[in-house]
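Accompanying notes for the structure given below.
The values are calculated or read from the model by the stated rules, or taken from the named source; none is laboratory data. These figures come from a predicted structure and were not determined experimentally. No Cβ is skipped: glycine too gets one built from the backbone with ideal geometry, and neighbour counts run over all protein chains shown.
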Amino acid sequence: MDNTTQEKLVNIVREKFENDILSVESPYNFLTINFKRDNIIPLIQYLYDHPVAKFQYLTSLCAIHFPEVKQIAMMYQLHSLVNNWRIRIKIYLPEDNAVTPTLTKIFSAANWMERETYDFYGVNFQGHPDLRRILNVEDMIIFPMRKEYPLEDQTREDKQDFMFGR
Amino acid sequence: MAEENINHSITAVEDSKYSTLNLGPTHPATHGIFQNILTMDGEVIIHSEPTIGYIHRAFEKLAERRPFYQITPLTDRMNYCSSPINNIGWHMTVEKLIGAEIPKRVQYLRVIVMELARISDHLICNTVISVDTGALTGFVYLFQFRELIYEIYEEICGARLTTNIGRIGGFERDFSDTAWAKLDKFLKEYPVALKEFENLVKRNRIFMDRTIGAGPISAERALNYSFSGPNLRAAGVDYDVRVMNPYSSYEDFDFIIPVGLNGDTYDRFMVRQEEMWESMKIIRQALDKLPDGPFFSPNVPDFYLPPKEDVYNNMEALIYHFKIVMGENDVPKGEVYHCVEGGNGELGFYLISDGGRTPFRLHFRRPCFIYYQAYAEMIKGTNISDAILTMSSMNVIAGELDA
Amino acid sequence: MQETDIKSTGIQLVEKPDGYEGAGFFATSLDKVVGMARKNSIWPLPFATSCCGIEFMATMGAHYDLARFGSERLSFSPRQADLLMVMGTIAKKMGPVLRRVYEQMAEPRWVLSVGACACSGGIFDTYSVLQGIDRIIPVDVYVPGCPPRPEQIINGIMKIQQLVETESRGRRESPEYKAMLNKYGIE
């Protein structure tokens, strides 16, 4: 996406959500908007309905854990198929209160993606029709992708850590 | 275990006219391990409750502990039917992060390998659809050609299925003469066999009656469920990452995007069939226009292992080799997203690097995981035999579903 | 199975066991005949979970052809299967399912663990992967590889055939066998 298109998109967002934008950057030419957590669903709905932007395809959503600043960021990536524009929106939630409204009313694809994010990071999506674990076993109590949990199963007996350089 | 999930969103289970059928996780019809608990009224499906995660191997957490070149074998095992596409997609992501310039020859060779992988993935899916309708002949005859493709992979990288093909920056060796000879043999013999298979099923009354109208999905619902790849193209939307966001010189090649009408099983079968023909066209064009040049990019010394003669004779090469293998090279910080057209759709890699030797966060945008959600909606109201066909025509690969 | 037939066609379907032969009769021990019949008619249950499953499909294909070992008929129902071939990663979520499938199989039953993930967890030393299926079920033959070539899988099948041929008929009732099953908690 060239700079003029990026400028145009940022202005489209600024029209309605001037106060909620934290920062705008463009790593590797990919427009990324860091946004305040409160108005994320109205923003995505606005981009969905906007007659020029038409971001009606949800590419991906995931969470990122930043343990030093105790935040869990949510990344939403949208794609406008008509114009071939891509945009990434990130919001930042506190680690101990990672709650955000659900996107399933706009995109049905967000259903399982949010369940996966809940399973891995413990982010609660308000309004989700069926928020429970999807990939891990049902009775797991920790959220394994958070940085404080180890990768290996600590109860295994057959692999000696010193042989693997741990 | 998973039986407890059935009470979450089912309307009338206590009603005695409905029966419950457990499909999976080990079932010959589900090509992969995932479970569906079906509530049925006779043969018609009222509700289905999918459960996945039976092969969850924690790829994303594992990737946070591995240096970049060690993540390639992980990507192999996601969509294991077309693993070169995953490998090359990952290499391109890292090359985008470090800003490497890849020579034209490498890009064309990558295109040839990726299209071969696409042919092998679609081959499995189409023959399995025909097996599920009862036509086992296609499976037995066409699998011989998968052996030919495996032999080509073996010449290039040494492995058959989980290839770990190429390196960050190119290929580890140029394709040998045997590889070119085998590729020519494949391109000569495969169209004959594919045409025979097509003549068996394409206008076959039984096959068409079975598959037309089985598991349809409209274009609007498909877009809302973020479908991509052949499943979306069968519904009528011509979104192909190779055309919309071209990578690795795909813009130099001339090919069409086959698109279906109704999004049912027949359309998905035909889209994959036509894509195999288009892939062969692309491979022939790449072979004709293949430029000369290096088979690796010379300006990524921090990631591409130097040749062994230099390592043993040259101090600088020895140091580079040591630093690459021990993982002491620094990587630029940043976040990058790169997507390729995998066998099932838009396969995306979202990589955040904090400068260390391993990624800070790596998220795989797996097309299977995203479009399998729609399965429950697609089979509501159909018979169980159509549901089985729909599942095999969607080409759900368990490794990509769970990661 | 007379000598003249073998010479004329050159095709030997199975190896003749040792025995005493005469005009119109052949005497050997019952164990050998039963072993020969059993080893050439194993019905496998392909418990294919991931990439090794695709190599199994290649093994069943025409090029490597598992059917010539007598395993033409795959059984997907554990009640009718002799050999449980576990191919691919077994996650902890899948463990109870595998255990239930194994318990449903009738004696005599053998288990072939194909692939590094089934043998020991493979490259996935993570919280969600069972580090080898011998944590939950007894295994007879391990086939390492990631994925193993079809020739290796066939080698594993041939070792299973050796085990089947030489198994003594009272083994499944013996106290050692029952003690081993008890170790896994299987009745």
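Out of everything in region A:63-77 that is at the interface with another protein chain (Cβ under 10 Å from one of its Cβ atoms) and within 18 Å of A:Glu25 (Cβ to Cβ), what residue ends up being surrounded by the fewest Cβ atoms within 10 Å (Cβ to Cβ)?
Of all residues in region A:63-77, those at the interface with another protein chain (Cβ under 10 Å from one of its Cβ atoms) come to A:63-66, A:73, A:75, A:77.
With the extra rule that they be within 18 Å of A:Glu25 (Cβ to Cβ), the set shrinks to A:64, A:66, A:73, A:75, A:77.
Working: A:Ile64: 19, A:Phe66: 16, A:Ala73: 21, A:Met75: 21, A:Gln77: 24.
Top of the filtered list is A:Phe66.
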I'm checking my understanding of the structure. Among residues of region B:40-74 that are within 18 Å of the chain's Cα centre (by Cα) and touching a residue at least 24 places away in the same chain (Cβ under 8 Å), which one is surrounded by the fewest Cβ atoms within 10 Å (Cβ to Cβ)? B:Pro73
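Please verify whether A:Gln45 is surrounded by fewer than 20 Cβ atoms within 10 Å (Cβ to Cβ), farther than 28 Å from B:Val241 by Cβ and more than 13 Å from chain B (Cβ to nearest Cβ), treating the condition exactly as stated. Reasoning before the result, please.
Values: surrounded by fewer than 20 Cβ atoms within 10 Å (Cβ to Cβ): yes; farther than 28 Å from B:Val241 by Cβ: no; more than 13 Å from chain B (Cβ to nearest Cβ): yes.
Criteria not met by A:Gln45.
Based on this model, can you work out whether B:Gly42 counts as within 13 Å of chain A (Cβ to nearest Cβ) and at positive phi?
Working: within 13 Å of chain A (Cβ to nearest Cβ): no; at positive phi: yes.
No, not satisfied.
Every residue, every condition in (1) buried (at least 17 other Cβ atoms within 10 Å of the Cβ); (2) under 16 Å from A:Cys62 (Cβ atoms), yes or no:
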residue: A:Trp85; (1), (2): yes, no
residue: A:Pro94; (1), (2): no, no
residue: A:Asn97; (1), (2): no, no
residue: A:Trp112; (1), (2): yes, yes
residue: A:Thr117; (1), (2): yes, yes
residue: A:Phe120; (1), (2): yes, yes
residue: A:Val123; (1), (2): yes, yes
residue: A:His128; (1), (2): yes, yes
residue: A:Arg132; (1), (2): no, no
Could you check, for region C:38-46, whether at least one of its residues is at the interface with another protein chain (Cβ under 9 Å from one of its Cβ atoms) and either more than 15 Å from the chain's Cα centre (by Cα) or of a type in the set (Val, Ile, Thr) (or both)? no
Strands (runs of 3 or more DSSP E) contained in region C:63-168 and holding at least 3 residues away from chain B (no Cβ under 12 Å) and in contact (Cβ under 8 Å) with a residue 12 or more places away in the chain: C:110-114, C:141-143
If you take just the strands (runs of 3 or more DSSP E) that sit entirely in region A:1-117, which of them hold at least 2 residues that are closer than 23 Å to B:Gly345 by Cβ, of a type outside the set (Lys, Arg) and in contact with a Gly (Cβ under 8 Å, 6 or more places away or on another chain)? A:57-66
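Identify, from the list B:Pro301, B:Pro291, B:Pro306, B:Pro258, the residue that is touching an Asp or Glu at 6+ places or on another chain (Cβ under 6 Å), of a type outside the set (Ser, Thr, Tyr) and part of a loop (DSSP other than H, G, I, E, B). Walk me through it before giving the result.
Details: B:Pro301 fails: touching an Asp or Glu at 6+ places or on another chain (Cβ under 6 Å); B:Pro291 fails: touching an Asp or Glu at 6+ places or on another chain (Cβ under 6 Å); B:Pro306 fails: touching an Asp or Glu at 6+ places or on another chain (Cβ under 6 Å).
It is B:Pro258.
Yes/no per residue for (1) buried (at least 16 other Cβ atoms within 10 Å of the Cβ); (2) more than 20 Å from B:Pro67 (Cα to Cα); (3) at pLDDT 90 or above:
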residue: B:Asn299; (1), (2), (3): no, no, no
residue: B:Leu305; (1), (2), (3): yes, no, no
residue: B:Ile319; (1), (2), (3): no, no, yes
residue: B:Ile324; (1), (2), (3): yes, no, no
residue: B:Glu335; (1), (2), (3): yes, no, yes
residue: B:Glu346; (1), (2), (3): yes, yes, yes
residue: B:Leu351; (1), (2), (3): yes, no, yes
residue: B:Gly355; (1), (2), (3): no, no, no
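Would you mind finding the one in B:Glu147, B:Glu151, B:Glu95 that is within 13 Å of another protein chain (Cβ to nearest Cβ), within 21 Å of the chain's Cα centre (by Cα) and free of Cβ contacts under 8 Å to residues at least 12 places away in the same chain? Spell out how you get there, then give the answer.
Working: B:Glu151 fails: free of Cβ contacts under 8 Å to residues at least 12 places away in the same chain; B:Glu95 fails: free of Cβ contacts under 8 Å to residues at least 12 places away in the same chain.
Answer to the selection: B:Glu147.
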Restricting attention to region B:46-55, does a residue exist that is at pLDDT below 90 and within 14 Å of chain A (Cβ to nearest Cβ)? no
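Right, B:Asn383: surrounded by 23 or more Cβ atoms within 10 Å (Cβ to Cβ), at pLDDT below 95 and farther than 24 Å from A:Tyr121 by Cα or not? Please lay out each step first, then the result.
Details: surrounded by 23 or more Cβ atoms within 10 Å (Cβ to Cβ): no; at pLDDT below 95: yes; farther than 24 Å from A:Tyr121 by Cα: yes.
The answer is no for B:Asn383.
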Taking the conditions exactly as written (more than 14 Å from chain A (Cβ to nearest Cβ) and modelled with pLDDT under 90), does B:Thr26 satisfy them or not? yes
Those residues of region B:29-39 which are within 20 Å of the chain's Cα centre (by Cα) and at pLDDT 90 or above, in sequence order: none
Going by the conditions given, is A:Pro129 part of a loop (DSSP other than H, G, I, E, B) and within 8 Å of chain B (Cβ to nearest Cβ)? yes
Looking at region B:228-245, is at least one residue in a helix (DSSP H, G or I), under 22 Å from A:Met1 (Cβ atoms), charged (D, E, K, R) and within 14 Å of another protein chain (Cβ to nearest Cβ)? yes
Check off (1) in contact with a Leu (Cβ under 9 Å, 6 or more places away or on another chain); (2) at the interface with chain B (Cβ under 10 Å from one of its Cβ atoms) for A:Ile134 and give me the number that stays unchecked. (1)
Taking the options A:Leu58, A:Leu81, name whichever one is crowded, with 22+ Cβ neighbours inside 10 Å, of a type in the set (A, V, I, L, M, F, W, C) and within 11 Å of chain B (Cβ to nearest Cβ). A:Leu58
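In region B:197-218, is there at least one residue being within 14 Å of chain A (Cβ to nearest Cβ) and farther than 30 Å from B:Ile98 by Cβ?
Keep residues of region B:197-218 that are within 14 Å of chain A (Cβ to nearest Cβ), which gives B:217-218.
Those left that are additionally farther than 30 Å from B:Ile98 by Cβ: B:217-218.
Yes, region B:197-218 has at least one match.
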